[in-house]
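The values are calculated or read from the model by the stated rules, or taken from the named source; none is laboratory data. Keep in mind it's a predicted model, so treat the numbers as computed, not measured. Here Cβ is always computed from backbone atoms with ideal geometry, including for glycine, and neighbour counts include all displayed protein chains.
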Amino acid sequence: SLSIRDLRRIKGYKFNIENLETTTSNEQITTERLVEQCFDRFAQLVTMDPDLPRLQRESHIAYLEKCFRGLPEGYSSLDSSRPWLVYWILNSASLLNHKFTDTQLQRTVDFLKKCQSPIGGFSGGPGQYPHLAPTYAAVNALCIIGTPSALEAIDREALVRFLRAIREPSGAFRMHIDGELDVRGAYCAIAAAKLAAIPAEEFASVFAGTAEWIASCQTYEGGFGGAPDLEAHGGYSFCAAAGLALLGKPEVCNLKALLKWTVNRQMTYEGGFQGRTNKLVDSCYSFWQGSLVVVVQTLMASVDPFAKTPTTRPMFYSEALQEYILICCQRQSGGFIDKPGKSADVYHTCYALSGLSIAQHAEFTMEPRVIGRPSNELIPTHPVHNVPPQAVQNAYSYNPYRMQSKSPSQETQADIEDIWDDDSERDQ
């Protein structure tokens with residue numbers, strides 16, 4: 001296992017207000033004070049227990065089991081996001097190597113089938129309108145379950161009809177019929193189509209021009225906004241890079257500028273990532289930004305195999321990211337939080353664990369980089385789909401009408417998957 005940073009020495013890395021007080025600077029200073037309290041408490045505890053920080057695995061599993069049986073009424077506002085709740089819980093459990101019962105999983109498949117719209121795609125709940133976000137979540141969840149009944153549940157022909165109905169002539173995608181248009185839509189559509197194993201010719205037709213539209217969303221900072229001329233954002237930037245990876249067209253954007261913007265979103269003191277310039281640290285960006293670094297480095301190597309960018313180590317501080325997640329964002333009773341002072345929820349639990357997995361397994365070798373005891377190690381996650389790599393392989397190969405020839409997009413995807421082959425084999 002790896003040793004942690006000298007938490008006393010890094011106090012010098014905190015934000016410098018430079019005699020100019022703003023709302024933004026005050027919020028940053030307040031957040032750093034809360035993080036500092038966590039670090040100071042940890043510095044005392046580790047003198048008594050050198051195995052710290054410890055992943056509270058059993059507490060997190062108990063939290064997920066409780067949420068899987070029924071959520072508190074506070075989640076009622078997410079009634080139109082129910083496939084997301086399913087996906088966040090299932091993916092969190094898979095990262096912890098926890099299996100739900102066959103009965104629980106089959107009931108989940110039956111529920112997700114009720115969310116599938118007759119006109120194609122999935123809705124946020126039974127009887128609602130189809131939407132790309134819950135479509136992505138439902139397809140991911142069904143692939144994690146991975147049983148024949150789960151993979152058969154996806155109506156692929158209807159999915160293609162839905163994708164064509166929300167596609168714009170530019171290659172962009174609306175989130176739903178007559179809905180908002182942003183880069184999330186492109187990624188959700190591409191990822192769902194890939195996991196549904198849409199035939200290569202159909203895939204190429206549906207996504208003609210999409211890569212070029214995604215590239216138009218890149219900003220002067222290097223990151224991607226939700227649409228052309230909008231502010232660069234970690235979630236949108238991940239969607240853009242992951243979408244281009246799946247399309248096999250990384251060369252249409254400025255990868256070096258994207259990498260520079262992304263690595264500069266890691267907070268010097270806290271160790272976690274922010275989502276935008278001058279914003280606060282948030283555990284969910286552990287995945288959105290951490291995985292983005294891995295994806296971009298891989299794409300740079302595929303475009304230029306002789307590039308100077310190192311590809312054997314991730315260009316972010318993986319140990320510092322693990323420290324932020326384990327020391328500052330774990331709730332001892334189970335679940336993960338955004339930042340100190342916040343409450344746990346299944347969204348941040350999913351993406352904190354996903355980011356922790358990325359930080360541990362982003363070293364492009366057999367050996368994971370794990371701080372604390374070896375039992376802190378999580379199962380690897382796929383850097384583009386954020387489901388188990390084996391689930392991606394099973395989904396890609398499941399459908400009998402999938403074309404056997406290797407398209408350019410599949411070649412780029414294979415490059416990304418090669419990074420994770422050793423890890424996934426080790427965990428079988």
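Of the residues making up the range 37-65, those that are without any contact (Cβ under 8 Å) to a residue 60 or more places away in the chain and either of a type outside the set (A, V, I, L, M, F, W, C) or under 27 Å from Thr268 (Cβ atoms) (or both) are Asp40, Arg41, Ala43, Gln44, Leu45, Val46, Thr47, Asp49, Pro50, Glu58, Glu65.
For the range 245-276, a residue qualifies if it is closer than 15 Å to Val295 by Cβ, part of a loop (DSSP other than H, G, I, E, B) and of a type in the set (D, E, K, R), and the qualifying residues are Lys249, Arg265.
Here Lys406 clears all of (1) out of contact with any helix residue (DSSP H, G or I) (no Cβ under 6 Å at 6 or more places or on another chain); (2) at pLDDT 75 or above except the condition numbered (2).
Taken over the range 186-202, the criterion of being of a type outside the set (D, E, K, R) and more than 16 Å from Ser170 (Cα to Cα) is satisfied by Cys188, Ala191, Ala192, Ala193, Leu195, Ala196, Ala197, Ile198, Pro199, Ala200. Looking at the structure I just gave you, is Thr103 more than 24 Å from the chain's Cα centre (by Cα), in a helix (DSSP H, G or I) and either touching a residue at least 12 places away in the same chain (Cβ under 8 Å) or over 26 Å from Ser397 (Cβ atoms) (or both)? Judged against the criteria, Thr103 is a match. For the range 36-44, the criterion of being assigned to a helix (DSSP H, G or I), farther than 30 Å from Met175 by Cβ and in contact with a strand residue (DSSP E or B) (Cβ under 9 Å, 6 or more places away or on another chain) is met by none of the residues.
Once the range 110-139 is narrowed to residues that are over 21 Å from Glu180 (Cβ atoms) and buried (at least 18 other Cβ atoms within 10 Å of the Cβ), the residue that is nearest to the chain's Cα centre (by Cα) is Leu112.
Apart from one condition, Gly334 fits all of (1) on the phi > 0 side of the Ramachandran plot; (2) in contact with a Lys or Arg (Cβ under 6 Å, 6 or more places away or on another chain); the exception is (2).
For the range 52-73: of the residues being among the aliphatic types (A, V, I, L, M) and within 19 Å of Phe111 (Cα to Cα), which is surrounded by the fewest Cβ atoms within 10 Å (Cβ to Cβ)? Per the stated criteria, the residue is Leu71. Checked against (1) surrounded by fewer than 13 Cβ atoms within 10 Å (Cβ to Cβ); (2) at pLDDT below 95; (3) at negative phi; (4) not aromatic (Phe, Trp, Tyr), Lys14 passes all but condition (1). For the range 318-327, state whether one or more residues are closer than 24 Å to Leu85 by Cβ and either at pLDDT 95 or above or charged (D, E, K, R) (or both). Yes; the residues of the range 318-327 include at least one that is closer than 24 Å to Leu85 by Cβ and either at pLDDT 95 or above or charged (D, E, K, R) (or both).
With respect to Gly74, is the statement that it is at positive phi and either modelled with pLDDT of 95 or more or among the small types (Gly, Ala, Ser) (or both) true?
Considered against the rule, which asks whether it is at positive phi and either modelled with pLDDT of 95 or more or among the small types (Gly, Ala, Ser) (or both), Gly74 comes out as no.
Summed over the range 134-161, residues that are assigned to a helix (DSSP H, G or I) and either touching a strand residue (DSSP E or B) at 6+ places or on another chain (Cβ under 6 Å) or within 22 Å of Gln390 (Cβ to Cβ) (or both) total 18.
Of all the criteria given as (1) exposed (fewer than 15 other Cβ atoms within 10 Å of the Cβ); (2) under 28 Å from Ile4 (Cα atoms), the one not satisfied by Ser76 is (2). For Asp304, the conditions (1) farther than 30 Å from Arg156 by Cβ; (2) at pLDDT 95 or above; (3) of a type in the set (Asp, Glu) all hold with the exception of (2). If the condition is being within 23 Å of Glu32 (Cβ to Cβ) and touching a helix residue (DSSP H, G or I) at 6+ places or on another chain (Cβ under 8 Å), then the range 236-266 contributes Trp261, Thr262, Val263, Arg265, Gln266. Looking only at residues of the range 21-51 that are under 26 Å from the mean Cα position of the chain (by Cα) and aliphatic (A, V, I, L, M), we find that the one that is surrounded by the most Cβ atoms within 10 Å (Cβ to Cβ) is Val35. Going by the structure shown, is Ala241 part of a helix (DSSP H, G or I) and either crowded, with 24+ Cβ neighbours inside 10 Å or under 18 Å from the mean Cα position of the chain (by Cα) (or both)? Spelling it out, Ala241 is indeed part of a helix (DSSP H, G or I) and either crowded, with 24+ Cβ neighbours inside 10 Å or under 18 Å from the mean Cα position of the chain (by Cα) (or both).
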